[in-house]
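**Q** The following block contains the structure, expressed as structure tokens.
The values are calculated or read from the model by the stated rules, or taken from the named source; none is laboratory data. Computed from a predicted structure; not experimentally measured. Quick reminder, even Gly has a Cβ in these numbers, built from the backbone with ideal geometry, and neighbours come from all protein chains shown.
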Amino acid sequence: MQYLTQENADDLNFIKQILHKSVFLNIQNIVSLQSGSRSVAYYVDDYIVRFPKAEIIWQTMKREKNIIDMVYPHLVSAFANKIHKIDLIESEYPFSISKRFSGKICDGRPESEYAVLYQNLTPIQQEKLACDLALFFHKLHQIDYKKLNIPKPTEAIDNWDVTTENNFDIGEVQKTLSRYKININDYMVKSPNIVTALCHNDLSGSNILLNTEKDDVLVGIIDFGNTIIMPKYQDFFPLYKIHRKLAIDTLKEYNKLTSSPIEQKQIDYLALLYTGWGLARTTNPSSPYFMKLLKPFLEE
């Protein structure tokens, strides 16, 4: 198998030839999407096609499909048309194919035809989104992962618990957050919930799709590539990247469903450790990314 270079990725006729040989016999419309370092993506009629740029990325895509196929039966009753399923085509240039969702991402970018701001959702939409995400987490965390053959990661998986970093220094975190009049010790819990579960691990704004024309705003949950078994409370952290309010509201709804509730302070503590450690390493000036995460705590 071969993998796309930037040169042939920009050649839409070349891409059409690859697709025509595999599954697309009659392409009406193809549009290049903004791509990162890992893959090249296109809208192809009513589908999204994604070409990995290297073998290890293709192996990660295989792992993701495997996981989605295993968890889908456990989620289908509530999320039948909202889970992003993919098929893999092992052609000369391998690629994934999935149906397009008519939704916008919610990762803090300005409002556009592709993005929506969480703050601009109506109160009803915010409430329904929190309920849906709570139900998703609940159903995912209830899966008996010991009965599934969850494949090992082929690449490094995101880890939001910065205390596992070799150079982590709690003193630096305390010192950094104290500059903003935040005492990290105020967020410690006596009996943290350390129950492990199968977790999405990356439910940030770029991995949920929203349709702001409806009160039932959530239309898609995508990218199971970071799914892993870990303490379930960590699954709530990526929501802080959208907004702390969403993380807290989702947790409140989640605790109504689960027999193993999590204290809000526990997820706040995780977020503050992550943010404080990030700020401690990105001074002069402070990182806008970490300051955005910190801002809701300063507005209490």
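**Q** Hey, does the range 161-171 have a residue that's at pLDDT 95 or above and among the small types (G, A, S)?
**A** yes
**Q** Considering only the range 111-126, state which residues are part of a loop (DSSP other than H, G, I, E, B), of a type in the set (S, T, Y) and at pLDDT 95 or above. Before the answer, list the steps.
**A** As a first pass, look at the range 111-126 and keep what is part of a loop (DSSP other than H, G, I, E, B): 111-114, 116-117, 121-122.
So of that shortlist, the ones also of a type in the set (S, T, Y) come out as 112, 114, 122.
If the condition is that a residue be part of a loop (DSSP other than H, G, I, E, B), of a type in the set (S, T, Y) and at pLDDT 95 or above, then T122 is the only one that fits.
**Q** Now a separate question. Report yes if L75 is closer than 19 Å to C199 by Cα, touching a residue at least 12 places away in the same chain (Cβ under 8 Å) and assigned by TED's automatic domain parsing to the domain that holds L198, otherwise no.
**A** Working: closer than 19 Å to C199 by Cα: yes; touching a residue at least 12 places away in the same chain (Cβ under 8 Å): yes; assigned by TED's automatic domain parsing to the domain that holds L198: no.
No: the conditions fail for L75.
**Q** If you don't mind, there's one more thing I want to ask. Go through the residues of the range 151-160 one by one and say whether even a single one is in contact with a Phe, Trp or Tyr (Cβ under 9 Å, 6 or more places away or on another chain) and either aliphatic (A, V, I, L, M) or not in a loop (DSSP other than H, G, I, E, B) (or both).
**A** There is no residue in the range 151-160 that is in contact with a Phe, Trp or Tyr (Cβ under 9 Å, 6 or more places away or on another chain) and either aliphatic (A, V, I, L, M) or not in a loop (DSSP other than H, G, I, E, B) (or both).
**Q** Let me ask something else. Show the residue pairs meeting these rules: Cβ distance below 8 Å; 6+ apart or different chains; first residue within the range 151-163 and under 27 Å from Q266 (Cα atoms); second residue charged (D, E, K, R).
**A** Within 8 Å, the pairs are P153/R63; D158/D202.
**Q** Still on this structure: For the range 1-110, give me every one of the helices (runs of 4 or more DSSP H) that falls completely inside it and has 1 or more residues that are at pLDDT below 90 and hydroxyl-bearing (S, T, Y).
**A** On the way: elements: 6-9, 12-22, 55-79.
Ranges flagged: 12-22.
**Q** If you don't mind, another one. Report yes if L246 is of a type outside the set (S, T, N, Q), at pLDDT 95 or above and in a loop (DSSP other than H, G, I, E, B), otherwise no.
**A** Working: of a type outside the set (S, T, N, Q): yes; at pLDDT 95 or above: yes; in a loop (DSSP other than H, G, I, E, B): no.
Answer is no for this residue.
**Q** Still on this structure: So for the range 227-235 (the condition being closer than 22 Å to K82 by Cβ, under 12 Å from the mean Cα position of the chain (by Cα), surrounded by 13 or more Cβ atoms within 10 Å (Cβ to Cβ) and hydroxyl-bearing (S, T, Y)), does at least one residue qualify? Step through it out loud before you land on a result.
**A** The initial filter retains those residues of the range 227-235 that are closer than 22 Å to K82 by Cβ, namely 227-228, 232, 235.
After this cut, where a residue has to be under 12 Å from the mean Cα position of the chain (by Cα) as well, the list is 227, 235.
Still in the list and also surrounded by 13 or more Cβ atoms within 10 Å (Cβ to Cβ): 227, 235.
Keeping just the survivors that are hydroxyl-bearing (S, T, Y) gives 227.
Yes, that holds for at least one residue.
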